[in-house]
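Beneath this line is the structure, given in structure tokens, with notes to follow.
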Amino acid sequence: MDHLLSEEQIMLRDMVRKFATEEIEPVASENEQNHRYPENIIKEAGELGLMGVAYPDEYGGSGMDFVSYMLTIEELSRACASTGVIVSAHCSLTCDPIFRFGTEEQKQKYLPSMLSGEKIGAFSLSESNAGSDAGNTQTTAVKKGDKWILNGSKLWATNGRQAEVFVLIASTDPGKGTRGVSTFIVEANTPGYSVGKVESKLGIRSTSTTEIVLDNVELPESALLGEVNKGFKVSMVTLDGGRIGIAAQALGIARASIEDAIKYAKSREQFGKPIASFQAIQWMIADMWCQYNSAWMLTWNASRMKDAGLNYGQESAMAKLVASEAAMFCANKCIQIHGGNGYTTEYKAERYYRDAKITEIYEGTSEIQRLVIARNLLK
Ligand SMILES: Cc1cc2nc3c(=O)[nH]c(=O)nc-3n(C[C@H](O)[C@H](O)[C@H](O)COP(=O)(O)OP(=O)(O)OC[C@H]3O[C@@H](n4cnc5c(N)ncnc54)[C@H](O)[C@@H]3O)c2cc1C
């Protein structure tokens, strides 16, 4: 797909590919099996400018475009899907709403240390009764004088254990549903804030996914991100961008599955010849490649539209839907081509399969993506 990319984008992609192949890939499986957060890798990613690819230099970003960001997440995820989503949740879900909806003061306060990777971000929208129904937030923020007092508990925050800065959604007008929620920037060292249950997961085990408990957390007025009662819009706009990040993560998993499947099919012999010579194997590889390419084009298109300042909500939903299903398809076939070996932890195929599944769930399930696409078509 190089003909669709600029020289600058190709240079960045090749740099990230080298970093991912040399530094991330060798340790990814062991880290994942041991539920180990890749602290040094994230630090190095920060030094390489990968924690703020698509943000302007004036806030400490790398000043590149969103296509470059997509390529970065794909390359990181090809080596380690956990690393891909740590960076994606940090950039798309936390830095992005601060950059888009923050006051100049908020941007100056938070972005430089976040875009350098010194401080990690997390986004906390979900709750036990607010998943797909994201507007059903029970956590409250009540205004007392010039302070906001937050109470409740959020679920499933990616980077929950490591993050120092949270973009968090709370209800400011409980009777009003999606029209009564607001967004806040919460620092993890605020009294009353704590990390609750840490989830034990099927895949992306190098990431932390946690509950966030808010017990009379007192925030200054300046912690409000955007306008009062407009937090649902902030969340939805944030997720539009985030879904491209997850599509790129899925692309990375799909490509890793294809590359490993080809390598294995060429080296494994049965009936006196490499299994790659059997048409059944060739067809699987051809199907995997078609799915990956279709998903790549949709993700690239959504990224280009975001770069061009166009509405890209439907395109990002399409990219995430198709890329996550491509990742599941490719990871499944990768195991199949590896035969019994694919089912063991000696090979990476089983990790790809476990990691692929989450891309169909977070930042809106596949059913929700279909709903977004159909609603847009039927309006
Ligand atoms: C590992 C992990 C990391 C996550 N990270 C974050 C994070 O960083 N921040 C954050 O805020 N959240 C995060 N989440 C939460 C995630 O976004 C939600 O789990 C997801 O949106 C689904 O919500 P739910 O789990 O409540 O499922 P539910 O909403 O209960 O859905 C259950 C099933 O019902 C279907 N369904 C629901 N409503 C409809 C409908 N209207 N039409 C058709 N089908 C429907 C769903 O598609 C699904 O199949 C994370 C989750 C996981 C597992």
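The values are calculated or read from the model by the stated rules, or taken from the named source; none is laboratory data. Just so it is clear, the structure is predicted and the values come from calculations on it, not from any experiment. As a convention, Cβ positions derive from the backbone with ideal geometry for all residues, glycine included, and neighbour counts pool all protein chains shown.
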For region 51-76, the count of residues that are out of contact with any Gly (no Cβ under 8 Å at 6 or more places or on another chain) and among the charged types (D, E, K, R) equals 2
Could you please give the count of residues in region 171-184 that are among the small types (Gly, Ala, Ser) and farther than 11 Å from Ala130 by Cβ? 3
Single residue of Val217, Val237 found to be surrounded by 15 or more Cβ atoms within 10 Å (Cβ to Cβ) and not in a helix (DSSP H, G or I): Val217
Gly135: passes all of (1) modelled with pLDDT of 95 or more; (2) within 24 Å of Lys154 (Cβ to Cβ) but (1)
Quick check on my filter: what residues within region 111-129 are out of contact with any Phe, Trp or Tyr (no Cβ under 9 Å at 6 or more places or on another chain) and more than 16 Å from the ligand (Cβ to nearest atom)? Ser113, Ser116, Gly117, Glu118
Out of region 100-110, which residues are within 23 Å of Leu150 (Cβ to Cβ) and either within 16 Å of the ligand (Cβ to nearest atom) or not β-branched (Val, Ile, Thr) (or both)? Arg100, Phe101, Gly102, Glu105, Gln106, Lys107, Lys109, Tyr110
Here the qualifying pairs (Cβ atoms under 7 Å; residues six or more apart or on different chains; first in region 356-371 and under 15 Å from Gly313 (Cα atoms); second more than 6 Å from the ligand (Cβ to nearest atom) and part of a loop (DSSP other than H, G, I, E, B)) come out as Ser366/Glu360
Any chance Thr94 is buried (at least 19 other Cβ atoms within 10 Å of the Cβ), of a type in the set (Ser, Thr, Tyr), touching a residue at least 40 places away in the same chain (Cβ under 8 Å) and more than 16 Å from the ligand (Cβ to nearest atom): no
Just to be sure, is Ala79 buried (at least 20 other Cβ atoms within 10 Å of the Cβ) and away from the ligand (no atom under 16 Å from the Cβ)? yes
Considering only residues of region 171-191 that are exposed (fewer than 15 other Cβ atoms within 10 Å of the Cβ) and among the small types (Gly, Ala, Ser), which is nearest to Pro97 (Cα to Cα)? Gly177
With the condition kept exactly as written, say whether any residue in region 291-312 is part of a helix (DSSP H, G or I), surrounded by fewer than 20 Cβ atoms within 10 Å (Cβ to Cβ), of a type in the set (A, V, I, L, M) and more than 16 Å from the ligand (Cβ to nearest atom). yes
Does region 252-272 include one or more residues that are farther than 16 Å from Ser88 by Cβ, of a type in the set (A, V, I, L, M, F, W, C), modelled with pLDDT of 95 or more and not in a helix (DSSP H, G or I)? yes
Scan of region 153-182 for residues that are at positive phi and within 13 Å of the ligand (Cβ to nearest atom), ordered by number: Trp156, Asn159
Considering only region 334-379, how many residues are among the basic types (Lys, Arg), within 9 Å of the ligand (Cβ to nearest atom) and buried (at least 18 other Cβ atoms within 10 Å of the Cβ)? 0
Subset of region 130-149 (residues that are more than 8 Å from the ligand (Cβ to nearest atom) and crowded, with 19+ Cβ neighbours inside 10 Å): Thr137, Thr139, Ala141, Trp148
Criterion: within 14 Å of Ile246 (Cα to Cα) and in the same structural domain as Ile253 (by TED's automatic domain parsing) - qualifying residue of Ile373, Ile361: Ile361
Can you say whether Gly196 is within 22 Å of Glu325 (Cβ to Cβ), outside any helix (DSSP H, G or I) and of a type in the set (Gly, Ala, Ser), as far as the supplied structure shows? no
Considering only residues that are in contact with a strand residue (DSSP E or B) (Cβ under 8 Å, 6 or more places away or on another chain), among the aliphatic types (A, V, I, L, M) and under 17 Å from Glu58 (Cβ atoms), which ones fall in region 79-125? Ile98, Met114
Here is a list: Glu325, Glu350, Glu367, Glu363. Which entry is on the phi > 0 side of the Ramachandran plot and of a type outside the set (Ser, Thr, Tyr)? Glu363
